[in-house]
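The values are calculated or read from the model by the stated rules, or taken from the named source; none is laboratory data. Quick caveat: nothing in here was measured; it's all calculated off a predicted structure. Using ideal geometry, Cβ is built from the backbone for each residue, glycine included, and neighbour counts are taken over all protein chains shown. Note: accessible area is taken over every heavy atom of the protein model, side chains too, but ligands, DNA and RNA are not part of it. Shrake-Rupley method; radii C 1.70, N 1.55, O 1.52, S 1.80 Å.
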Amino acid sequence: MSDRFLTDLKSTLAGIEADGLMKRERLITSPQGAEISVGGQEVINLCANNYLGLADHPDLIRAARDVMDDKGFGMASVRFICGTQDLHRELEQKLAAFLGKDDSILFAACFDANGGLFEPLLGPEDAIVSDALNHASIIDGIRLCKARRFRYANNDMGDLEAKLKEAREGAARHVMIATDGVFSMDGYLANLPEITRLAREYDAVVMVDDCHATGFMGPRGAGTPDHFGVDVDILTGTLGKALGGALGGYIAGPQPVIDLLRQRARPYLFSNALPPSIVAAGLEAIRLVEEGIELRTRLFENARYWRDGLSKLGFDLLDGEHPIIPVMLGEAPLAQKMAAGLFDEGVYVSGFFYPVVPHGKARIRTQMSAALTTGQLDRALTAFAKVGRDLGVIK
C-alpha cells in the first residue's frame with residue numbers, strides 16, 4: 001500500500017487524538033446487563049440501549065438456544081434465494097401486528113433498513129423533507145435516493161411547513177417527511193401530532209425511525225405513534241435495543257410498500273437472512289412486551305429517579321420524558337475525563353462529542369434500564385457527585 005496514503009491516515013488519526021476526539025473501546029467480559037465486567041472490574045452500566053433489560057433475559061437466551069436444534073445456526077443465503085424460513089415470516093407478521101401495520105420486512109440492522117428504504121420508493125420527481133437531527137442512517141439512505149432533499153430545523157414545525165410548501169411549489173409528485181421518533185443524543189420526542197397534521201394538509205407520507213422507542217414508549221410499548229396516539233405511514237426500527245439488544249432491523253408499513261421493498265431494497269436483496277436464533281429471540285421479546293407492563297413501568301420509574309437525583313446534585317440536564325438523560329458538559333476533553341473518572345468509581349458511561357454531537361455540546365449520555373435497581377442508581381449518583389465535584393462540573 002502507498003506510504004503516502006498510510007501517512008495521511010496516521011496524520012488524521014493524530015489530529016483526532018490531539019483534539020480529544022479519539023473513541024476507545026473497552027472489552028466487556030460478561031453478558032450485557034445492569035452491571036458488567038470490564039477489565040476485571042464490576043461496573044454499573046448506564047450507557048446501553050438495553051431499555052427493558054432483555055439483553056441477558058433467560059427467556060430470550062432459551063429461545064435462541066432451543067431454536068438452533070430445529071432451525072440451524074445460519075441461513076447462508078439472502079432471503080429470495082434460499083434464506084427464508086417460516087420463522088422469518090412469523091416475526092415479520094408479528095412485528096406488523098404489534099405496530100399496527102399491514103406487513104413488515106426484516107433487515108440485518110435498522111441502518112440497513114433506513115439505507116434501503118428511500119431509493120426504491122422515491123425518484124427525482126419526488127421530495128424528502130428530513131429533520132436536521134435525524135440519525136446518520138436516515139441521512140445516508142436519503143443520499144442514495146434521487147429525490148429532492150429538504151431539511152428542516154430540529155422539531156421546528158414552522159420550518160417543516162415552510163419546507164413542505166417549497167416542495168409542493170416545486171411540483172413534487174410525492175413528498176415524504178422523515179424523522180426520528182426519538183432524537184437519541186438528546187432524548188427529545190418528535191412532535192408527531194403536528195407532523196401528522198401537516199402531512200395530511202400537504203398530502204405527505206410520514207416515515208419514522210422508532211429505534212429508541214419500540215418496546216417501551218406508549219401504552220402498549222409500540223413506540224412514539226403509540227405514545228402520542230397517532231398513525232404514521234412507515235415505521236423503521238430495530239431488535240437491537242429494547243427488543244433484546246442483539247441485531248436486526250425492520251420496516252413496517254402498507255402492503256404495497258413492503259412488497260416493493262422485497263423486490264428492490266438493496267440491503268435486503270444482497271445481505272444474508274437473519275440467523276434463526278435472533279429471529280426466535282425477537283419473537284420472545286415481543287411476547288414479553290405484549291404480556292406485561294412491569295418492565296416498562298420500572299424503566300420510567302428509574303428514569304424519574306435518576307433525573308431527579310442528577311438535578312438535585314446540580315448537573316446540567318436536557319429536559320425530557322425519555323429514559324435517555326444527557327448530562328451536558330460542553331467540551332470533548334471534559335466529557336472524556338468525566339467518563340474515565342466515573343469508570344474508576346465503578347460506573348460505565350461514555351463521553352459523546354463531535355462528530356456525534358455538535359462542537360461545544362459534548363455530554364455524558366446516560367440511559368436507564370428496567371434492570372437497574374434503586375441501590376445501583378444510588379451508588380451511581382454518589383459516583384457522579386464525587387467526579388463532578390472533582391472536575392468542577394458541580395459545586
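Descriptive notes on the structure:
- Cβ-Cβ distances below 8 Å connect the following pairs, each with a first residue in segment 118-129 that is of a type in the set (Gly, Ala, Ser), a second residue that is not in a loop (DSSP other than H, G, I, E, B), and a separation of six or more residues or different chains: Ala127/Arg148; Ala127/Arg149; Ala127/Phe150; Ala127/Ala167; Ala127/Val175; Ala127/Met176.
- Residue pairs meeting the criteria (Cβ under 6 Å; at least 6 apart or on separate chains; first open to solvent by less than 50 Å² (accessible area, probe 1.4 Å), in segment 147-166; second of a type in the set (Phe, Trp, Tyr)): Asp159/Tyr152; Leu160/Tyr152; Lys163/Phe150; Lys163/Tyr152; Leu164/Tyr202
- Qualifying residue in segment 186-197 (condition: in a loop (DSSP other than H, G, I, E, B), open to solvent by 10 Å² or more (accessible area, probe 1.4 Å) and closer than 20 Å to Pro358 by Cα): yes
- Leading residue by the ranking (nearest to Asp209 (Cα to Cα)) among those in segment 100-113 that are aliphatic (A, V, I, L, M) and open to solvent by less than 20 Å² (accessible area, probe 1.4 Å): Ala113
- Criterion: among the hydroxyl-bearing types (Ser, Thr, Tyr), at pLDDT 95 or above and out of contact with any helix residue (DSSP H, G or I) (no Cβ under 6 Å at 6 or more places or on another chain) - qualifying residue of Ser77, Ser30: Ser30
- As for segment 340-347, it holds at least one residue that is part of a loop (DSSP other than H, G, I, E, B) and under 21 Å from Asn50 (Cα atoms).
- Among the residues of segment 307-317, some residue qualifies, meaning at least one is closer than 30 Å to Val393 by Cα, of a type in the set (Ser, Thr, Tyr) and not in a strand (DSSP E or B).
- Matching residues in segment 129-148 - criterion: being out of contact with any Ser or Thr (no Cβ under 7 Å at 6 or more places or on another chain) and closer than 16 Å to Ala265 by Cβ: Ser137, Asp140, Gly141, Arg143, Leu144, Cys145, Lys146, Ala147
- Residues that are over 19 Å from the mean Cα position of the chain (by Cα) and not in a loop (DSSP other than H, G, I, E, B) within segment 363-382 comprise Thr374, Gly375, Gln376, Leu377, Asp378, Arg379, Ala380, Leu381, Thr382, listed in sequence order.
- Subset of segment 76-88 that is outside any strand (DSSP E or B) and open to solvent by less than 70 Å² (accessible area, probe 1.4 Å) - its residue that is nearest to Gly249 (Cα to Cα): His88
- Scan of segment 1-30 for residues that are open to solvent by less than 90 Å² (accessible area, probe 1.4 Å), more than 20 Å from Val356 (Cβ to Cβ) and outside any helix (DSSP H, G or I), ordered by number: Ser2, Ile28, Ser30
- Among the residues of segment 172-185, just one is open to solvent by less than 20 Å² (accessible area, probe 1.4 Å) and charged (D, E, K, R), namely Asp180.
To keep it simple, each residue is scored yes or no on (1) in a helix (DSSP H, G or I); (2) over 17 Å from the mean Cα position of the chain (by Cα); (3) surrounded by fewer than 21 Cβ atoms within 10 Å (Cβ to Cβ).
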{"position": "Arg220", "(1), (2), (3)": "no, yes, yes"}
{"position": "Thr236", "(1), (2), (3)": "no, no, no"}
{"position": "Tyr250", "(1), (2), (3)": "no, no, no"}
{"position": "Leu261", "(1), (2), (3)": "yes, yes, no"}
{"position": "Leu295", "(1), (2), (3)": "yes, yes, no"}
{"position": "Glu301", "(1), (2), (3)": "yes, yes, yes"}
